[in-house]
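Working notes, structure below.
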C-alpha cells in the first residue's frame, strides 16, 4: 500500500468520525449533567451521609430489618451490605450520571427496599468473618481501585436474578 493510498484511507475514516466539536460538546454535556446530579445528591444526603460522601466517596443507608448498606461510586455492584458481604446491582437500562444512580438507589433503599431487592442482582464481595468490621469498607474500596486483575468465580458473573429473600 502506498503512502498516498494510506493517507486517503485515513482521511476517509476521519471524515466518518464525529467532528471534534461534536465530541467535545458531548463530553461537556456529560460533565455538566454529572455536576447537576452531584449537586442534587449532596442536597439529598443527611449530614452524616454527606460527610461520609465527601470523605470516602460513598455513604451508608440504613434499611429497617436488613441492616446497613454502603452505596459505592460505581455503576455496577455498588450497593454493599457489610454484615453479609453481599454486593447488589440494580441499574437503569439507559445511561445516567453516576450521582443520579447513587441517589436513586438511596431513595429506593430508604423508601421501598423490597422493590430494590426484587430486581437487584447479588454477588459475594467479601467474607465478613475473615475481616475486622471496621476495615471492610476500606478493603472493598482498595480492591476496586487496584490495577491488579481480580479473579472472578463463575458464580459471580451470573446475571440470573436471585430470590429477593436475604438471610
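The values are calculated or read from the model by the stated rules, or taken from the named source; none is laboratory data. Bear in mind the structure is a predicted one, so any value in this text is a computation, not a measurement. So basically every Cβ, Gly included, is an ideal-geometry build from the backbone, and we count neighbours across all protein chains shown.
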Inset, instruction - Go through region 51-66 and give me each residue that's surrounded by fewer than 15 Cβ atoms within 10 Å (Cβ to Cβ) and within 18 Å of the chain's Cα centre (by Cα). - result: 54, 55, 57
Inset, instruction - Look through 99, 2, 44, 74 and report the one residue that is at pLDDT below 90 and either surrounded by 12 or more Cβ atoms within 10 Å (Cβ to Cβ) or under 23 Å from residue 116 (Cα atoms) (or both). - result: 74
Inset, instruction - Return the only residue of 134, 151, 139, 144 being closer than 28 Å to residue 42 by Cα, at pLDDT below 85 and loosely packed, with under 10 Cβ neighbours inside 10 Å. - result: 134
Inset, instruction - Mind counting the residues in region 67-106 that are in contact (Cβ under 8 Å) with a residue 12 or more places away in the chain, within 14 Å of the chain's Cα centre (by Cα) and assigned to a loop (DSSP other than H, G, I, E, B)? - result: 12
Inset, instruction - Please work out if residue 117 is assigned to a loop (DSSP other than H, G, I, E, B) and either surrounded by 12 or more Cβ atoms within 10 Å (Cβ to Cβ) or touching a strand residue (DSSP E or B) at 6+ places or on another chain (Cβ under 6 Å) (or both). - result: no
Inset, instruction - Filter region 42-55 for residues that are part of a helix (DSSP H, G or I) and either in contact with a strand residue (DSSP E or B) (Cβ under 9 Å, 6 or more places away or on another chain) or without any contact (Cβ under 8 Å) to a residue 60 or more places away in the chain (or both) and give the result. - result: 42, 43, 47, 48, 49, 50, 51, 52, 53, 54, 55
